[in-house]
Amino acid sequence: MLSPLRHIPGPYLNRVSVLRALHGQRARSWISSVHQLHLQYGNVVVVAPNEISVNGDPKYLHDIYVKNFPKSQFYGQFGNHGHPNMFSSLANDVHLRYKRVLTALYSKLAIFSPKNTTRANLVEKIGQLVQAVDDSSRTNLGIDVYSLFASLAMDVVLAFELGASNGTDLLLRPDKRHIIISHRQVALMGFWTTLMPRLWNWAAGTTILQAAQKIEAWQLSIYSHAENNVPAVPATANVSTLEALKKHGYKERAAYSFLSDNIFAGHETTAIQLTYLTYELSRPANLAKQQRLVDGLREAFGVPGSSDAVIDDLERVDTLPYLNALLDENSRVHTSIPGAEPRVVDRPYLVTVRGGRTVALPRGTTISCQPYSVHRQREVFPDAYLFIPERWLAYEGEPEDEFRARIKRQTKFMMPFGKGVRMCLGMNLALIEMKLAVANLYWHYQSRLCSDWCEISGRASEGPANPIGMGESSQGRNTTDEEKMVMVDTYTTRPLNDECWLEWYRHGEVVQ
Ligand code: HEM
């Protein structure tokens, strides 16, 4: 009865004990549970004695993330090598200090600038991606795109962090991709890392402890190599993240903490987006969408002049309407980070619960929005669970002003890269990397689900493809593509089986 959150709707147990929240997160079912709570109790729900989840009103997103309540202790565990970094810093002033060092380097202007090395690096890696798919298309075997895109993302992010010559070459060397598996093993420990750090070693067991040690040894060896081989770049070009950090006084492990975080934050999230987008495009019911993308690419760039031609016009790729619609819809439905982004109330703050009552939150209350739910507001996104890229384009006969107003409203309910001050540092890099990857792949190829991998659901003639579920309860018998592509119910998601097998055919080739 004395709970300060007693007027916030939700189950009694949540108000008096953290057990349900802890159990839900450990069992990988918490995002779905919180989503159900919102459907049942409204926009503001209690999830633990000192914690609420809010949804349904962009005012909350603005107040929490743009006006910048500090991050909760959840993030404190994301330090590396004994040092904090941008992602793990909690206090706003500390974060601002870090942000000043790195923001310009990751700005869209810097990423796109012809003076910098990033463009050339991106184009080179995309060429290698096309080549890897070409190899698989010649053998008529499928390819696991989740590993392929993780390799791309790792190669891109490391070239950026350390300089082109100091990065990885996982696209060219599949035999080195075991490091991605180690990252996945450790990433699955998210519950223990963030909420039970003292029990981490016990929960990890030998295999994961070894994976963590292997990652750290690998990181330190590539960083040390980069320290000894500083890339020579023209005076007008950007330096690597490592060099930028060093210039600002962050040395050795204090700098490495940022790099290791960017590797974790950057490679998996990008791979997840690309995997789900190419999966969606390959589903029988979505093949018309794939064709629409191909038609748009042909219109913009003609047909490839050779099998290794690469579209390198970043500006044009960046503005292709249907490609953008695909990325927006994919990041809505299959957002890489669907879990709550918790912040702490550090000033007087009021929320309005179902029924209209206003409740003042005590300072210290943890408050969050979870992108999974924000992205599924039915009043904003009709058929919210379905993958419909067309919702990001003007409907037939829709007046321009109504279209603009609709997109503005939809955008207010999107947070695939977070929102506000603590929004993703690597967003501009990730976005153009993903656009280049999808544009180049579908310029050369068409894709299909690999029938040796799964029972394929749905038909080309049918309406929208079924929504993909969240959490193991949607896994069924784990035999169809829809079951295999269920999203893991964790802060950062991934496909339940850690794989997605697609077949690629050159345009004009007969699809098997
Ligand atoms: C598609 C790819 C990516 C997605 C979907 C993504 C998503 C996100 C999200 C949702 C957040 C906010 C998390 C929160 O507040 O709980 C975030 C923060 C962050 N991301 Fe990304 N990210 C991506 C790629 C990258 C890349 C490539 C890098 C680095 C090279 C990166 C570095 C960071 C950092 C440093 C932060 C913390 C920013 C801060 O606290 O100021 N991310 N990202």
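The values are calculated or read from the model by the stated rules, or taken from the named source; none is laboratory data. The structure presented is a predicted model; accordingly, all values stated were derived computationally and were not measured. No Cβ is skipped: glycine too gets one built from the backbone with ideal geometry, and neighbour counts run over all protein chains shown. Only protein heavy atoms, including side chains, enter the accessible area calculation; ligands, DNA and RNA are left aside. Shrake-Rupley method; radii C 1.70, N 1.55, O 1.52, S 1.80 Å.
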- Note on the structure: Over the Cα atoms of the range 422-512 the radius of gyration and the largest Cα-Cα distance (Dmax), both in Å, equal 15.8, 48
- Note on the structure: Mean accessible area per residue over the chain (1.4 angstrom probe, all protein chains present, square angstrom) is 42 Å²
- Relative contact order %, the chain, counting alpha carbon pairs below 8 Å whose residues are six or more apart: 23 percent
- P(r) histogram, all alpha-carbon pairs of the range 293-428 included - 5 Å bins from 0, percent: 2, 8, 13, 16, 16, 14, 12, 8, 4, 3, 2, 1, 1
- Item | Only Lys, Arg (+1) and Asp, Glu (-1) charged, at Cβ; the range 102-213 dipole about Cα centre in debye | 260 debye
- Ignoring ligands, DNA and RNA, what percent of the 1.4 Å accessible area of the range 136-229 is carbon and sulfur? 57 percent
- Message: Just to be sure I understand the curve: with the Debye formula and one point per C-alpha of the range 195-248, what is log10 I(q)/I(0) at q = 0.13 Å⁻¹?
- Response: -0.54
- Query: Roughly speaking, to the nearest percent, how much of the range 1-58's 1.4 Å accessible area is carbon and sulfur?
  - Reply: 58 percent
- Message: If you filter the range 197-275 for trypsin sites (Lys or Arg not before Pro), then keep DSSP loop positions with at most 13 other Cβ within 10 Å, what is left?
- Response: 251
- Item | Dipole of the range 426-476, positive end: most advanced residue of 465, 432, 475 [Cβ charges, Cα centre] | 432
- Note on the structure: Log entry: pair-distance distribution for the range 89-225, C-alpha pairs binned every 10 Å from zero, whole % per bin is 10, 29, 33, 23, 5, 0
- Treating the beta-carbon of each Lys and Arg as +1 and of each Asp and Glu as -1, no other charges, what is the dipole magnitude of the chain about its Cα centre, to the nearest 20 debye? 2120 debye
- Message: Which three numbers, in whole Å and largest first, are the semi-axes of the equivalent ellipsoid of the range 269-324 derived from its Cα gyration tensor as √(5λ)?
- Response: 20, 15, 12
- Task: Filter the chymotrypsin sites (Phe, Trp or Tyr not before Pro) in the range 227-323 down to the DSSP loop ones having no more than 10 other Cβ atoms within 10 Å, then list what survives.
- Result: none
- Item | Residue (of 279, 454, 201) at the positive-pole extreme of the chain, dipole from beta-carbon charges | 201
- For residue 251, counting only lysines whose alpha-carbon sits under 19 Å away and dropping same-chain residues fewer than eight positions off, the answer is 99
- Please tell me which of these pairs span more than 31 angstrom C-alpha to C-alpha: 247/412; 115/289; 115/246; 125/484; 108/408? 247/412; 115/289
- Task: Take the Cα coordinates of the range 212-275, assign each an equal point scatterer, and use the Debye formula without solvent to give log10 I(q)/I(0) at q = 0.14, 0.26 Å⁻¹.
- Result: -0.49, -1.16
- Give the Debye-formula value of log10 I(q)/I(0) at each listed q (0.06, 0.08, 0.09, 0.13 Å⁻¹), with one equal scatterer per alpha carbon of the chain, two decimals each. -0.28, -0.50, -0.64, -1.41
- Note on the structure: From most to least accessible, 1.4 Å probe, no ligand or DNA/RNA atoms counted, 221, 461 line up as 461, 221
- Query: Near residue 67, which aspartates and glutamates are there with a Cα under 12 Å away, not counting those fewer than 8 places off in the same chain?
  - Reply: 346
- Query: If you place +1 on the Cβ of every Lys and Arg, -1 on the Cβ of every Asp and Glu, and leave all else neutral, what size is the dipole of the range 221-321 about its Cα centre, to the nearest 20 Debye?
  - Reply: 200 debye
- Dividing the convex hull volume of the Cα atoms of the range 186-330 by its residue count, what figure in Å³ per residue is obtained? 215 Å³
- Task: Provide, as a two-decimal number, the C-alpha radius of gyration of the range 247-365 over 2.2 N^0.38 Å, N being how many residues it has.
- Result: 1.63
- Message: How large is the accessible surface of residue 488 in square angstrom, using a 1.4 angstrom probe and rounding to the nearest 10?
- Response: 10 Å²
- Here the alpha-carbon Rg of the range 444-483 over 2.2 N^0.38 Å rounds to 1.32
- Note on the structure: Ranking 398, 299, 341 from most to least accessible area with a 1.4 Å probe gives 299, 398, 341
- Can you pull the percent of Cα pairs in the range 57-107 with separation above 18 Å? 42 percent
- How large, in percent, is the carbon and sulfur part of the accessible surface of the range 396-512 at a probe radius of 1.4 Å? 49 percent
- Roughly how many Å² of residue 388 are accessible to a 1.4 Å probe, to the nearest 10? 40 Å²
- So what is the 222 nm mean residue ellipticity for the chain from helices alone, if each DSSP H run of at least 4 adds -39500 (n - 2.57) and you divide by all residues, rounding to the nearest 500 deg cm²/dmol? -14500 deg cm²/dmol
- Query: In µm²/s, what is D for the range 1-153 at 25 °C and 0.890 mPa s, where D = kT/(6 pi eta Rh) by Stokes-Einstein and Rh is the Kirkwood radius from Cα pairs?
  - Reply: 122 µm²/s
